[in-house]
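The values are calculated or read from the model by the stated rules, or taken from the named source; none is laboratory data. Note that this is a predicted model, so its numbers are computed, not measured. Virtual Cβ from ideal backbone geometry, glycine too; neighbours counted across all protein chains shown. Please note that ligands, DNA and RNA were not included when accessible areas were found on the heavy atoms of the full protein model with its side chains. Shrake-Rupley method; radii C 1.70, N 1.55, O 1.52, S 1.80 Å.
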Amino acid sequence: MKKTTMKSLLSLMAVTAMATISPALAQAGKVAASDPKFDTIESPMVGGNTGRKNWKPKEWLEAEVKFKVEMPKSYKQHFVDEVTVRWFVAVDNPKGKGYVLLEKEVTHVNVPVGEEVYSSVYLSPSAIKRITGKDRASKGAISHIGGEISVNGTSVDGDKGRYFTSKGKIGWWTSGKLSRYDAIPLLNKNETPFAFLWWDRYAEIRNERR
């Protein structure tokens, strides 16, 4: 009698656990990511209600990757709740020779399935000057760009399509040869003056709760 009761209890627990699994986690999908691209862009000229603010736009460095989430036909929703892009950027060491590693995690929400969208990170003009000692942005200040992508907190389809890199082998950021450097922040698009630009090109970013 006790064995039967215990078996029934375990079966009920298993059914309850399965019912609480998110559909996106229960069904495997794929993420196709492009090689990352990076470029220099100037601060946008946004006018206010006064003409007394004279200034010259400075340059930013932008890195972006194009990705697309694909789910099986049995997945009936047109979106996934979250896609997290973890960025790794190797830049010149401001304190000496070699490179240091910058990291940034960007979580996108309500990401459409089967549609190409972009994720991006930025180095501000002040960050660029700290790295290079110059006001003008130089792509040469960046050695490598790489990243990892997960859907709803879970890596999908093994290693295929989840990683991207501009140079070197996938996973170069795990080699241990570069020290993490937190004094220079990577910024997501919402943390820059480009937040309201090119809106439909980029996946929506989740704002962190304060």
Margin query: Against the conditions (1) open to solvent by 20 Å² or more (accessible area, probe 1.4 Å); (2) on the phi < 0 side of the Ramachandran plot, where does residue 168 fall short? Just the number, please.
Written below: (2)
Next item on the list: Could you list all residues from region 139-149 that are buried (at least 21 other Cβ atoms within 10 Å of the Cβ) and at pLDDT below 90?
Entry: none
Next item on the list: Any chance you could count how many residues in region 85-124 are open to solvent by less than 20 Å² (accessible area, probe 1.4 Å) and not small (Gly, Ala, Ser)?
Entry: 16
Item checked: Index of the failed condition, residue 136 passing every other in (1) more than 22 Å from residue 179 (Cα to Cα); (2) open to solvent by 60 Å² or more (accessible area, probe 1.4 Å); (3) at pLDDT 90 or above -> (3)
Check: Within region 104-121, is there a residue that is assigned to a strand (DSSP E or B), under 19 Å from residue 189 (Cβ atoms), of a type in the set (Asp, Glu) and at pLDDT 95 or above?
Finding: yes
Notebook entry, point to check: Here are some residues: 68, 53, 73, 30. Which one is of a type outside the set (Val, Ile, Thr), under 20 Å from the mean Cα position of the chain (by Cα), open to solvent by 80 Å² or more (accessible area, probe 1.4 Å) and at pLDDT 65 or above?
Noted result: 30
Item checked: Leading residue by the ranking (modelled with the highest pLDDT) among those in region 198-210 that are part of a loop (DSSP other than H, G, I, E, B) and open to solvent by 40 Å² or more (accessible area, probe 1.4 Å) -> 204
